[in-house]
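The values are calculated or read from the model by the stated rules, or taken from the named source; none is laboratory data. Source: prediction; values computed, not measured. Methodologically, a virtual Cβ is constructed for each residue, glycine included, from the backbone with ideal geometry; neighbour enumeration extends over all protein chains shown. Note: areas computed on protein heavy atoms with side chains; ligands, DNA, RNA excluded. Shrake-Rupley method; radii C 1.70, N 1.55, O 1.52, S 1.80 Å.
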Amino acid sequence: MRFSSLLAFIATMVVAATAQAELKIDITKGNVEPLPIAVTGFTGDAKGAEITSVIAADLERSGLFKPISSQAFIEQVTNGDAIPRYADWRQINANAVVTGTVTATGGDKIRISFRLWDALGQQQIAGKEYNTFARNWRRVSHLISDEIYKRMTGEQGYFDTRIVYVSESGPAKKKVKRLAIMDQDGANHKYLTEGGNLVLTPRFSPNTQDILYMSYAGGQARVFLRDLQTGREESLGRFSGISFAPRFNHDGSRMLMSIANGGVTSIYEMDLRSRSLKRLTQSGGAIDTSPSYAPDGRAIVFNSDRGGSQQIYTMDGNGGNIQRISFGSGPSSTPVW
């Protein structure tokens, strides 16, 4: 057999064997290495160090970035607007470099600018300037973190966000529950209610300036709407029964809640502009509660015991076309779409 023929024969046998073999790959978990990033000190003002610290902490807490210690920096940035020495940053394995400048602009106002540099591609890939009051430096730091996160990952950042929750304190038999709010990193914490009345289930509006929650103010459970900018709050109706389990729709113009009256709990929708109320479920003696809108507002998921046990149901936005979607052996509750 000629050598070329032998090679062809071997190749044919290998292809045949490969075709008959089963290739099986088991993926057990993902592994994403944090991206090394250098967040340099913002120049020009004493607030620069604090801004740098907040940005680095935001990025590191996401788990997707690994801020490099400033002790490893070869180049000491003195001008936040200047092009960095890319070779120095590549030498310490920095994939990206953040620089910035803080400038007093008169009175109690400042200008904060930042630039994001690609140390490998040797180019600026993002940059922005913020003119604001000096007291807003922390929020601007979060906004910068969001810009960096979005540019590097393609996803929206979440650093300029807040958390509203129920804070519980006091002895075991005399707990005080207060509505509280804080930034996503725990800063700027404050209480929204004094603790004289039990509060539960706070929900943010999509515009983040309003919250819905349930309160026992006045001795009966009712849904309240609170404006976070003005501090003004109001009860969304005084019904003969209790109202609870509130949820905003996707643009904050409407809300859902449950109202219990005479042994029946039904789901209602309120237009928050006109305050008009519409009943969506009518199921005799059933308990319909925990409603949640679909992202586009055209459907609603909720739980109900109308079938004998607590299960999950969906319905159209007008209350029609109710369908059960959970069929487990135990109860199902508190759905969120």
- [ ] Could you please find all residues in the stretch 197-218 being open to solvent by 60 Å² or more (accessible area, probe 1.4 Å), among the polar types (S, T, N, Q) and more than 20 Å from the chain's Cα centre (by Cα)?
- [x] 197
Open item on the list: For the stretch 196-230: of the residues being at pLDDT 90 or above and among the small types (Gly, Ala, Ser), which is nearest to residue 170 (Cα to Cα)?
Closed with: 215
TODO: Specify the residue that is surrounded by the fewest Cβ atoms within 10 Å (Cβ to Cβ); the eligible residues are those in the stretch 87-108 that are farther than 19 Å from residue 129 by Cα and more than 34 Å from the chain's Cα centre (by Cα).
DONE: 87
Open item on the list: Going residue by residue through the stretch 147-155, is there one that turns out to be within 15 Å of the chain's Cα centre (by Cα), surrounded by 17 or more Cβ atoms within 10 Å (Cβ to Cβ), closer than 28 Å to residue 109 by Cα and hydroxyl-bearing (Ser, Thr, Tyr)?
Closed with: yes
Open item on the list: One residue is enough: does the stretch 303-314 have a residue meeting the conditions within 11 Å of residue 267 (Cβ to Cβ) and either surrounded by fewer than 16 Cβ atoms within 10 Å (Cβ to Cβ) or among the hydrophobic types (A, V, I, L, M, F, W, C) (or both)?
Closed with: no
Open item on the list: Cβ contacts < 7 Å: first residue closer than 9 Å to residue 337 by Cβ, restricted to the stretch 278-304; second residue of a type in the set (Gly, Ala, Ser) and open to solvent by 10 Å² or more (accessible area, probe 1.4 Å), any location; separation 6+ or different chain. Result?
Closed with: 299/317; 300/317
TODO: For residue 167, work out the one condition from (1) farther than 20 Å from residue 260 by Cβ; (2) in contact with a Pro (Cβ under 6 Å, 6 or more places away or on another chain) it doesn't fulfil.
DONE: (2)
Open item on the list: Let me spell it out: the conditions are (1) within 30 Å of residue 191 (Cα to Cα); (2) surrounded by fewer than 17 Cβ atoms within 10 Å (Cβ to Cβ); (3) touching a strand residue (DSSP E or B) at 6+ places or on another chain (Cβ under 8 Å), and residue 143 meets all of them except one. Which number is the exception?
Closed with: (2)
Task: Single residue of 136, 188 found to be open to solvent by 80 Å² or more (accessible area, probe 1.4 Å) and within 23 Å of the chain's Cα centre (by Cα) - done: 188
TODO: Evaluate the following for residue 120: is it assigned to a strand (DSSP E or B) and under 23 Å from residue 90 (Cβ atoms)?
DONE: no
Task: In the stretch 109-127, the residues that are among the basic types (Lys, Arg) and open to solvent by 90 Å² or more (accessible area, probe 1.4 Å) - done: 109
Task: Selection status of residue 161, touching a strand residue (DSSP E or B) at 6+ places or on another chain (Cβ under 8 Å), open to solvent by 50 Å² or more (accessible area, probe 1.4 Å) and closer than 20 Å to residue 57 by Cα - done: yes
Open item on the list: Between 292, 329, which is polar (S, T, N, Q) and closer than 12 Å to residue 249 by Cα?
Closed with: 292
TODO: Kindly indicate the residue of the stretch 94-108 that is free of Cβ contacts under 8 Å to residues at least 60 places away in the same chain and touching a strand residue (DSSP E or B) at 6+ places or on another chain (Cβ under 9 Å) and also farthest from residue 42 (Cα to Cα) among those meeting that condition.
DONE: 107
Task: Test set (1) among the hydrophobic types (A, V, I, L, M, F, W, C); (2) under 18 Å from residue 41 (Cβ atoms); (3) open to solvent by 30 Å² or more (accessible area, probe 1.4 Å) - residue 65 fails condition number - done: (3)
Task: Enumeration of residues in the stretch 219-250 that are over 17 Å from residue 272 (Cβ atoms), within 26 Å of the chain's Cα centre (by Cα) and open to solvent by less than 20 Å² (accessible area, probe 1.4 Å) - done: none
Task: Enumerated strands (runs of 3 or more DSSP E) restricted to the stretch 258-323, each holding at least 1 residues that are hydrophobic (A, V, I, L, M, F, W, C), within 23 Å of residue 214 (Cα to Cα) and under 29 Å from the mean Cα position of the chain (by Cα) - done: 264-271, 299-304, 311-316
